[in-house]
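To start, the structure under review is shown below, and the notes come after it.
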Amino acid sequence: MRKYRTIHQEERTYGILLLIIASISILSLFGGVMEPDGALYASIAKNMLHYDDWLNLYVRGEDWLDKPHLTFWLAASSFEFFGVSGWAYKLPSLLIGWLGSYYLYLLGSALYDKKSALIAVIVYMTAFHVVISNFDVRAEIYLTTFTSASVFHYYLAYRSSPYQIIPGSFFLACGIMVKGIFVIIPVLAGFVIYWIITAQYKELLKMKWWLAILLVGLFILPELYALYAQFDMHPEKVVFNRQNVSGIRFFFWDSQFGRFFNTGPIKGKGDVSFFLHTTLWAFLPWSVIFYMAVFNKLKKRSIMGKRKHVTLIVNSNALVAFLLFSFSKFQLPHYIIIIFPYFSLITASCLTQLGKKSLKTISIIQHVVFALVCSLLIGIAMIFNVPFKFLFIFLTLLITATVYFKFFQVSVQNLICRSASLAIIFMLFAYIFFYPTLLRYQAGMMAGIWLQNHYPNEIVKNYEGHSFAFDFYAPNRVEYVRDKSLLKPKNGERQLIFLPTTAIEDLKTRYQLRVLETFDHYHITKLKWDFLNYKTRSTTLTNFSLVELQAIH
């Protein structure tokens, strides 16, 4: 009875902690949309509304073939309800991310136990790259939700109810319509490996799984139709500097296998070790524990889990997806987020099985991680010249976390709460101070907001195609001009132009020009020391301007 009360109290503590984390994550909605990808996706969704066209994807007036449609349909739907804004763009991602956390809890409860499931959700929601992705919204949060939900429903279809293949296939199709056909691998690989290792070969031949594949094909028909209508029906269109480009072929082959083998129109350079060191920072504050869990599995030769235990599904999905990403020739840090739910379950399982000696060792390591990360954040705040009131709040949070979670008391619950508190401090630092401050140096966003306040009904031109953020934040339609000879205002006509400040002198020789406002700019996703240091920041900045152009009489 006493043990039951202890477990219940521990689960209640984790529940309260999750509520705090979810509440703080709401702050990620505000502060702006980051370039390049977030602002690009937001501008595409905005174009859907402006042109009343939900089939064709356009970027700066040209056909765009890269990502599938679902991310943009979700954002555009939010714009329909709440208007075009940064927080409306991020809202679907936040809500679907919460749904994904719930599905992670359901999956963890089914494969492990409720306690492990709660811990896994805490680990996932506080992983640093998930925290970052809640603010810098791309497609990854959608993807983790759809894959987790699909694995859960397919597991139920395998264990008990064949009808679960319907929601399982629906969510898998959603994942495919976010990222592409490769999403099938981190969903189904674990099941196939589990059935082969446990000699359940007949499972592979069951009609329900072939029906599941058929359902996935049925559910992705909207995506296939949209691609066919925009590209396959128009072979005359020039895409990737050539004609006769098939959108459906790109979806099934070039976008995925082409990137993996580096044979498609979009190429990259792969490094087998890339995601090993990426995980080290992206999965903080849990990455060291995760690597220790994997090392212990390798040491015990149990990386695939107990031979007949269903957790093999999770371990296999994580391993196969990680190897797939590592050997791909096209790699970006945020790709790894899709398998964070699996990493979280592996980490949670490790935490619930710690012996006293291991617990003490990991507690010491987490103390060091806590100290290093907090020192780094304080250093950034001081170098960035943060106002004293923010620094005071930050230090108060540190002291509160230290006292409340009894830093030197060794227990699994304290270890989890302390690690989560570090992530909470990082969330507050990022959402309240760091990202909103950085975005002041995103000239396109600041220019678009300025236009909202001063020229809300004007059509504006984007000269030389700079800044997706400007395309999104400009209150009206944006036209794109790549050649100054095409700037031809008629007598008495006024044109508003967003352009690099360095281009102004050249245009003055052709037109009457009045500078309306000038904005500082820095590529904020590629931070360097000279920019972070407030004493040298001015040397790193470029400028963009909004100008009013008229013909010379």
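Annotations for the structure displayed:
- Long-range HN-HN contacts of GLU479 with modeled amide H, under 5 Å: VAL460, LYS461, ASN462
- Put THR13, THR542, THR311 in order of accessible area, highest first, and with a 1.4 Å probe you get THR542, THR13, THR311.
- Relative contact order of the chain, taken over Cα pairs closer than 8 Å and 6 or more residues apart, is 15 percent.
- These residues, LYS508, LYS300, go from largest to smallest accessible area, 1.4 Å probe, as LYS300, LYS508.
- Area accessible to solvent at ASP232, 1.4 Å probe radius, in Å²: 50 Å²
- Solvent-accessible surface ranking, highest first, for TRP64, TRP54, TRP253 at 1.4 angstrom: TRP253, TRP54, TRP64
- Remark: for residue pairs LYS179/LYS237; LYS114/LYS300; LYS179/LYS528; LYS115/LYS300; LYS461/LYS508; LYS179/LYS208, the C-alpha separation exceeds 19 Å in LYS179/LYS237; LYS114/LYS300; LYS179/LYS528; LYS115/LYS300; LYS179/LYS208.
The values are calculated or read from the model by the stated rules, or taken from the named source; none is laboratory data. None of the values given here were measured: they were computed from a predicted structure. SASA here: full protein model, heavy atoms, side chains in, ligands and nucleic acids out. Shrake-Rupley method; radii C 1.70, N 1.55, O 1.52, S 1.80 Å.
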